[in-house]
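The next block holds one structure in the form of C-alpha cells; read it before the comments.
Throughout, read-outs are computed from the coordinates displayed, never taken from laboratory work. Values in this document were obtained by computation on a predicted structure and should not be read as measured data. When we count neighbours, we look across all protein chains shown, and the Cβ atoms used for this are built from the backbone with ideal geometry, even at glycine.
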Amino acid sequence: MAAEATHAPDHKPKAKIFISYSRKDMSFADRFDAALKARGFEPLIDREEIYAFEDWWKRIQALIGRADTVVFVLSPDAVQSEVALKEVAYAASLNKRFAPIVCRRVEDSAVPDALRRLNFIFFDDPERFEVSADTLANALETDINWIRQHTEFGEAERRWSSAGRPNGLLLQSPTLDLAEYWLASRPRNAPEPTEEIRSYVTASRKQARVSKRLWRALLTSIFTLLAGIIVGLVGWINQLYIATQWRWWTVTRPYMVSEVRPYVLSAAKENALKQGDSFKECAQDCPEMVVVPAGSFTMGGDQLQQHQVTIDKRFAVSKFELTFAEWDACVSSGGCNGYKPSDFGWGHGQQPVINVSWDNAQLYVAWLSEVTGKPYRLLTEAEYEYATRAGTRTEYPWGDDINLNRQTMANCNGCGSKWDYKQAAPVGSFAANAFGLYDMVGNVWEWVEDCYHPSYEIVTAQGKVDAPADGSAWTNGDCGNRVVRGGSYRNPPDFLRSAFRLRYTADARIDILGFRVGRALIAP
C-alpha cells in the first residue's frame, strides 16, 4: 500500500522507489524507508489509513507509474497479501524494474512469478541491515538514467492514451530523438520498454515526418508565392527567425545531408566498436573520435583530496584538440553564431582553435549534435582526467618527469619543444597517451563541462558535499567560472600534471584556451 512520502528539500532524489509490503511488516518498512532517505532516494510508502471513500487503487497506480523501481518486501504475510500481489502484477504490466528484498524468509514456491527469477537482497539479519541497504543502494543506482527515462516515457504514453491520443501530446524533437536513442540503448538486464511506449514513440516519429513535410510544403509555397511580400515585410517580421530558417534550409541542411549524415555510425556499427577504435562522422573537418573504456581511477593530486571515481560506461573522446579547420566547418555551415576567432597569425588548418569561450564551445557541440543526430558534448572534469591518465598513476601520462628518456612529450614553458612559450603547436605534434589521445596535457587549456569548485569536497550550510563519484559533471556551485584542464604552452611543467586544474570565466577568450569534444556511446 503506497503514497508519497516527504523528503528533505535540499537533497536531489536519486530515484523514486515504490515500496510494496504487508502491514504486518510495518516496523521493518519504517526502518527501510529511513535507510533509503539517508542514501538520497525518494521512497513512496504509505503509513496512513486509506478510507472507504478514497479511490485508493488509482492512487497506488499513479505512484507505481511514477516509480523508477518497485521494491517488494518479501515475508510470509506479504506473499499472502492480495493488495501487495496486486501491486506486483500492476508494476509487471508496466515493465517496471523490480528489486525484491527478504525481510522474513518464505518458501520459493510462494514468491510471485514476476520476482522468482530475480536475485534477492536479504535483510533478515538485523545486524547486517546497513550493509544490505548499501548493497541495495548500489543496485538501485545501476543504469538509473535509463530507468528514469523508462518512467518518464511511460508516464507520457499513459497521459497520451488517457487523453484519447491527441497529436499535441506526442513527442517532438529533441525529446523524440532522445526517446529513439533510449529505445536503442537499453542496458543489459534493464526492463524491456512496453509495446505501448514503443507505439507512442513510433506514432510521434510518424507525426513528426508529417509535420516536417507540411512545413516544407508551407515554406515552398511561401518562397514561391510570397517572396516579394516577405522582402517587403522583413522590417517588422521576426527577422531572427526568418534568418535562422533560411540559414538552416540553404546552408546547414545541405551541408548535413551531403557531408555528415552519410558518414554517421549506424547502431550496429556503434555497438561493434572496441576500445581504441576510432571513427569520424563526416566527410572531413569534424573530430576523429577514439573509444575509451569504462573503468575506475583515483582522481586528484596533492593539492586536492583524492577520491575514487568509477565511470561505468565507455565513451568517445576526440583524438586531438578541436582544430581551426573543424571550427571553420561549423561557421561555414551556419553554426557557432558565425564567430571567427583570431588565430594570432599562427594559421588555421591543424592548429588548435583558440580564443574560444566555454559558451562558444557549447555552441560547437550543439551544432555537431544537430548535424550528426548524435550526443556530442564537452568532457566532464572526471572524464578528462581519466582519459588523460589512461591507466597511469604518475604525475604525467608518461611518467613522473616532464620528459621521457630525454624525449619532448608536450608543449609548455620548459618542456623543450620549439613552440615553448611562443605559440600553440599543430595538434598531434607529440606522442599519444595509452588511450591513443594526443595533447591531453600542454599546448592549450581545454574547457570541460563542470562548474568550478575550489575542492572536491566542500562544506555548505546544508553540510558536506562531495564531487560526483560516477564521472558525471558537477553542475552546481560557481557556474560563472568553469574548469579547464591540461595546461598550455605558456605554463611551467607543474601545470601539465594529470591532476592539475584551473578556472576561467565562462566567457573568457584568450590565446591559451581551446577544447575537445566527447560523445556518449550505445552500451555494447
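What the table shows:
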quantity: Summed side-chain charge close to R31 - residues other than R31 whose Cβ falls under 12 Å, Lys, Arg +1, Asp, Glu -1; calculated: -3
quantity: For segment 377-521: rounded, prolate or oblate by the Cα gyration tensor [a/c cutoff 1.5]; calculated: prolate
quantity: Binned Cα-Cα distances of the chain, short to long, each 20 Å bin given as a whole percent; calculated: 19, 45, 30, 6, 0
quantity: Amide H within-cut-off set for T69, under 5 Å, with H built and near neighbours excluded; calculated: K16, F18
quantity: Relative contact order computed over segment 16-142 (Cα-Cα under 8 Å; 6+ residues apart), in percent; calculated: 27 percent
quantity: Listed peptides 31-40, 256-265 by packing density, highest first (mean Cβ within 10 Å); calculated: 31-40, 256-265
quantity: Mean Cα-pair separation over length for segment 438-489, i.e. relative contact order, pairs under 8 Å, 6 or more apart, %; calculated: 59 percent
quantity: Sites matching chymotrypsin sites (Phe, Trp or Tyr not before Pro) across segment 278-367 that sit in DSSP coil, with at most 13 neighbouring C-beta atoms within 10 Å; calculated: F344
quantity: Percentage relative contact order, the chain, counting C-alpha pairs under 8 Å, at least six apart; calculated: 12 percent
quantity: Per-selection metrics, segment 247-352 (Cα): Rg and Dmax in Å; calculated: 17.8, 53
quantity: Cα-only Debye scattering, segment 451-524: base-10 log of I(q)/I(0) at q = 0.20, 0.22 Å⁻¹; calculated: -1.05, -1.16
quantity: For the chain, Cys with no neighbouring Cys Cβ under 4.7 Å; calculated: C103
quantity: DSSP bridge orientation in the chain - percent antiparallel, rounded to nearest 5; calculated: 65 percent
quantity: Spacing of the two label points (7 Å from each Cα toward its C-beta) at T202 and Q462, in nm; calculated: 4.3 nm
quantity: C-alpha center-to-center spacing [segment 282-341, segment 459-524] in angstrom; calculated: 12 Å
